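Here is the structure we will look at.
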Amino acid sequence: MSETDLRLVPTRRLIVAPVDALFALRPGDRPLVSAGDSVVVGAPIAERLRDPRLDESEVNVADDPRPGERWTGEPRRDEEAVPGGELMFEWHGHWRVASGDIADSVESPFAGIVRDVRPGTGITIRAAGRGIRGIVALGGPTRGRLQVGAVGELKSGGLDVGSAGAILVVGSRVDAETLTRARAMGVCGVVVAGLSSKERRDYLASESRQRAALHRLPPFAVLVLDGATRRPLAGAVQAVLGALAGHEVAIVIDPPMLVFDMPNLVIPAPPPDLVRIRAGALSGREGRFIRAIGPRRFPGGVHLEAGIVHLPDGMDAAIPLGDLERFV
Amino acid sequence: MPAGADIEAVISVLGDRAVAADPALAAALDLRRGGAVDLPRLEVASHAPRKLAIIAASDRAVAPLVATASRSGWRTVSGSAESTDPLAMSSILLDAGVSAILVGAGDPPAADERRAVGEMAALVAAVAGRRPELVIVLAGGMGDHLEAFGDLSRRPGEVLLGPAAHRGILGGPLADLLIELALPPDDAHRALGAGALALAEVLDRRVDIVEIGFDAGTRVGATPGVGGGPPAVDLAVVPTAALAPADPDDLVIDRVGLWSTWGADRHRLRDRLRELRVAPWADATGDGVTLRMAAARAALGRLAEWTPEWDERRPADLVVATGGAWAVAPAQAVALALVDVLRRPGVGQFALDHARILAPLGSIPDADERRAMVADLVDDLLVPLGTFVVPAGLRVGRSAGSVVVRGATGDTQHDLVPGGLILADLPPGNAAIAEFKFRDTVSLGTRGRHFAIDVTGGLGGLVVDLRDVPLRLPDRADLRGELLDAWQASVMNGRDR
């Protein structure tokens, strides 16, 4: 195998570091941290309003009010509630203030350092740890003990109440019913290789119905590592997840990532010639890259750059380079 | 080579292939095996489009702003004071993904705008203070509120004044300003404009370029200077015309389904499109080719919708396809996809920028050097796909006439049966005269019954397209699939599909 040939295979990073996660804020949400602060796991970092509204208030000009600042007014006669909120903008001598009655606490799912705080926009925290990147994460930031489940598709009947508080690795695919049941049983998150568009839509609809009912949803996230079709988790990823089993990990939404803080965990580099086939008839299989063979004709009348891959069952297959990936 | 491959390895392999293919030329250029990595490089890359928040006082005013920005390299999110409350509007503007704000009003503001523009300016100025890195464009009458933004010299993000957007006029100075802000000068989409102009000047022909890429679709119309006049170029970069949008809605899926022969339901089609987005170079064989071409046709349709002014212009002499969408498809299929979607009565030549080199050439800063480079490469730059003749106004159900193709190797005659495609073999580099005799008057650029047309060959030969203009497809998916398959078979002429 020539090294130049191998470098023609597209690469994918197995472990990402550092991890800067963004926790989105909307107008009225109250950040509880400042840039430079250290946060520990579970520390409240913001209060998020459930139903923000815009009030018109008279603000003392002597206080030099500025957009984005918090403001607290004087309580009106016969009212206990103290008016306050986030100053948005001034118009005709009055300030528009974003406020609300009920706020939920947002907690940091990992330890780290606050990099940036922008009221109304978001809080960026650099995690103390590393991450495995996914393609999308649904739900909200969460953390829990990683539990590696069965290889293949997890059905709702396969869920166990003992998984409460865990982040489950469920293999190739999962359906919306299993996801909603997992959330109801106290599972904190799910890591899956593929989530089909229908299941994704059904799950998001279920989540939005829950929110509309004004329930405070328990932290729950679905991290999709590969795509929308069924294929097993890559061997290299499975090996890392296996090493993390039983330890606390976090899922963040932006960027979609599984974050873990285990500085002593040695992650062996995958063999350099190990490649994974991500599309086509052999999708999901892994093998050793032998050599690049230049342009080859494939079904559909197309000519594509290809390489020979030696599969564990002894078969050598010519695969388009675009269908291959290797982890670095 | 697929994206994600190591660029040094790609250059090394391609250099070695060049040496092996023509050792004498390589020796003349002092190019040895493994030596390509040391050659000087011209690098161009396309950039992911950024998000522009667009607000105006009324829905009526926001529409032309969105139409202009959407074809100027920006992903857009919009709201108007008429239908969006100030809190939601603040959320739009404060969103971490927003890179710039366009706030516009008529010049002077119309009656329905006047009441809201002041409050809107106060809201945007407050956001500008909180996010000083944002670029703000005040279009039309909003320019009168510049003082609300305070001391601009202390702000890292620019605050710019732009002209008002007008309904029905999508290009123009505001579009030019937005493209300038959206894309850096070395961006591949933007460089296509200069590349197209150089090609038009070298060929002395009107050239249209259509690009369908990963992040955006691009359309360029370039006209060489005539009679000492200046050349002209019109550029539109439409992010929603990307091959596979990041989050495809039902409209996108239905459109891909319309062109798909695959017979998949919406959910499966959406899954495949998401996969195409995640790994655009993967799954490019078998079914994947069909899906890719359906997605490319759908994207081409979106590109055409955002650039309606092209329909009012004279058809270009040469239409060049470029971009990743076409890179892994048979040439004949590319030509058919272009003519399926960009349907206009007339005669058109199609070509493929097979090496996708027009954008790198367009990024050469000096115009003379750029033209010289294009002139040097012009024989190898494009793969001719062939000539398409598309008459309109045919009567269905009987023969519409005949065509005789008089070429170097003899004459061939074909009956013109409406509804189908006729393929006349005309290899690249060959020219012929096609003499058409229609029974009734048809439109072929001009109206008439008898036409003699100079045609040139290509990988797709000469194709006489006797289908409807615009194309009508059956509602039933199975019938539609059969018809699309049959048309594809016509142009492939027995070649492997």
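Quick notes on this one:
- Sorted fewest first by neighbouring Cβ atoms within 10 angstrom, A:Ile135, A:Ile277 come out as A:Ile135, A:Ile277.
- The stretch B:339-382 versus the stretch B:32-88: alpha-carbon centroid distance in Å: 24 Å
- Net charge, A:Ala111 excluded, C-beta distance under 15 Å - Lys, Arg +1, Asp, Glu -1: -1
- Check: the protein assembly as shown dipole with +1 on Lys, Arg Cβ and -1 on Asp, Glu Cβ, in debye: 1980 debye
- Given charges at Cβ of Lys, Arg, Asp, Glu: the protein assembly as shown dipole, positive-most of A:Val190, B:Thr261, A:Leu217: B:Thr261
- Calculated mean residue ellipticity, 222 nm, chain B: -11500 deg cm²/dmol, from DSSP H runs (n ≥ 4) at -39500 (n - 2.57) each, averaged per residue and rounded to 500.
- Relative intensity, log₁₀ I(q)/I(0), of the protein assembly as shown from a Debye sum that treats every alpha carbon as a point, q = 0.04, 0.07, 0.09 Å⁻¹: -0.20, -0.63, -1.03
- Shielding by partners for peptide B:87-93, expressed as the average number of C-beta atoms from other protein chains within 10 Å of each residue's C-beta, is 6.
- Inter-chain neighbour count for B:122-132: the average number of beta-carbon atoms from partner chains within 10 Å of each residue's beta-carbon is 5.
- Packing here is the average count of other Cβ atoms within 10 Å per residue, and on that basis the peptides B:58-70, B:14-26, highest first, run B:58-70, B:14-26.
- The magnitude of the dipole of the stretch A:44-195, with charges of +1 and -1 set on the Cβ of Lys/Arg and Asp/Glu and taken from the Cα centre, is near 1200 debye.
- Among B:Val347, A:Val309, B:Val103, the ranking by other beta carbons within 10 Å of each residue's beta carbon, starting with the fewest, stands as B:Val347, A:Val309, B:Val103.
- Here the contact order of chain A, divided by its residue count and restricted to Cα pairs under 8 Å and six or more residues apart, works out to 19 percent.
- Assigned charges on the beta-carbon of Lys, Arg, Asp, Glu; the stretch B:18-108 dipole about Cα centre (debye): 220 debye
- Pairwise inverse Cα distances across chain A, averaged and inverted, put the Kirkwood hydrodynamic radius at 22.4 Å.
- Mean Cβ neighbour count within 10 Å, used as a protection proxy, ranking B:358-366, B:404-412 highest first: B:358-366, B:404-412
- Helical content alone sets the calculated 222 nm signal of chain A at -3500 deg cm²/dmol, taking -39,500 (n - 2.57) per DSSP H segment of four or more residues and averaging over every residue.
- Relative contact order computed over the stretch A:133-260 (Cα-Cα under 8 Å; 6+ residues apart), in percent: 38 percent
- Chain B, relative contact order in percent, only Cα pairs under 8 angstrom and at least six apart counted: 11 percent
- Listed by Cβ neighbour count within 10 Å, with the fewest neighbours leading, A:Ser57, A:Ser108 appear as A:Ser57, A:Ser108.
- Among B:Val226, B:Ala164, B:Leu177 the positive-end extreme of the charge dipole of the protein assembly as shown (Cβ point charges): B:Val226
- Number of partner chain Cβ atoms within 10 Å, mean per residue of B:95-102: 3
- Whole-angstrom Cα spans of chain B along principal axes, big to small: 76, 62, 54
- Among B:Val252, B:Ser12, B:Ala61 the positive-end extreme of the charge dipole of chain B (Cβ point charges): B:Val252
A short reminder: the numbers here are calculations on the coordinates, not readings from a lab. Keep in mind the model is a prediction, meaning the values are calculated, not measured. Neighbour counts run over all protein chains shown; Cβ positions are idealised from the backbone, glycine included.
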